[in-house]
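The values are calculated or read from the model by the stated rules, or taken from the named source; none is laboratory data. Model, not experiment: these values are computed from the prediction. Glycine also receives a Cβ, built like all others from the backbone with ideal geometry; neighbour counts cover every protein chain displayed. For the accessible areas, the whole protein counts, side chains as well, though only heavy atoms, and no ligand, DNA or RNA atoms are used. Shrake-Rupley method; radii C 1.70, N 1.55, O 1.52, S 1.80 Å.
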Amino acid sequence: MAQRIQPIFDSILADARCVGGTRSFIESLQEQYTRKKSLSRGQRSALGRVAEQLAAAPASIDPAQESRLNNLITRATEAKDDWAVEFINSLKGQLSMGRELSPRQTEILEKCEARHSDEAIAQRDNWASSFTSEMREKLKIAASYYLQNPPYFKDMALKALGDDSFVPSEKAYKKMVENKFASRVIESAQAEPKFNAGSHVMLRSTAHSSVTFARGKQGLTSRKGKLGMVIKADAKPVSSPARGSKVYSVLFFGETTPAFVEERWLKKGKR
């Protein structure tokens with residue numbers, strides 16, 4: 001059995017036309033075959049179909065079409081558009097196997113070309129060169145908010161906080177930074193503090209039933225009406241899109257553990 005199947009694997013994987021998903025599939029079959037020394041009937045049939053398709057496929061795809069796809073792969077690679085690179089490589093593999101593109105695949109391909117046209121590249125370059133420090137600050141505030149409130153924008157948020165040279169696309173930036181939730185978070189984070197360090201404050205009667213303390217959450221019932229002192233404004237990144245969510249570190253008199261309290265729950269303290 002090994003002598004009959006292994007040469008098929010060798011022949012398929014040695015063929016440069018076998019790329020993309022087809023190659024990945026054959027490699028996974030070979031890995032299983034190497035491990036188990038056998039394939040199911042369905043797997044053997046699938047292996048045979050790939051071998052037959054390669055045997056019937058043209059020696060190469062249309063040169064103009066190949067040039068078109070290779071040029072687009074180069075542009076997408078330079079733009080770090082990994083999805084587009086993978087998609088276009090899969091199209092090359094499909095054409096190499098003698099299968100035409102579907103209308104939907106052609107439509108997506110044209111959208112990829114538009115996304116990486118000379119005009120689109122010029123717009124991206126202009127966007128990147130005009131990306132200001134103020135825009136980066138807003139990006140980081142939004143990134144911190146979304147990492148505290150998963151699962152949205154996780155990958156982009158991690159890049160924004162981990163790489164000071166990272167510039168998202170204009171579309172991605174507007175989607176993450178300029179939506180109504182992030183806009184409120186940024187507004188709270190960038191607003192001037194209503195209470196400075198050393199200010200005396202009290203909790204409002206409408207304060208939430210719990211406030212985050214350094215050692216966890218504790219009820220506020222015994223702290224309402226109690227005087228405290230602001231240790232620091234902007235003590236933690238804003239985590240709520242509610243108005244007035246700037247975070248303060250407040251030490252209530254008679255206690256040793258400071259609380260992190262949002263601005264909306266505080267008022268000027270009375271001695």
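D82 passes every criterion in (1) in contact with a Lys or Arg (Cβ under 7 Å, 6 or more places away or on another chain); (2) at pLDDT below 95; (3) farther than 30 Å from Q6 by Cα apart from (1). Going through (1) modelled with pLDDT of 95 or more; (2) aliphatic (A, V, I, L, M); (3) loosely packed, with under 14 Cβ neighbours inside 10 Å one by one, A189 falls short only on (3). Quick one: in the range 239-262, of everything that is open to solvent by less than 20 Å² (accessible area, probe 1.4 Å) and not in a loop (DSSP other than H, G, I, E, B), which residue is farthest from N179 (Cα to Cα)? In this case the residue turns out to be F252. Figure legend. Inter-residue proximity from the range 5-24: first residues closer than 26 Å to D62 by Cα, second residues open to solvent by 50 Å² or more (accessible area, probe 1.4 Å) and acidic (D, E), beta-carbon distance below 8 Å, spacing 6+ or different chains. Indicated pairs: L13/E27; G20/E86.
For (1) of a type in the set (D, E, K, R); (2) open to solvent by 40 Å² or more (accessible area, probe 1.4 Å), each residue gets a yes or a no:
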{"site": "S133", "(1), (2)": "no, yes"}
{"site": "A142", "(1), (2)": "no, no"}
{"site": "F153", "(1), (2)": "no, yes"}
{"site": "K175", "(1), (2)": "yes, yes"}
{"site": "S183", "(1), (2)": "no, yes"}
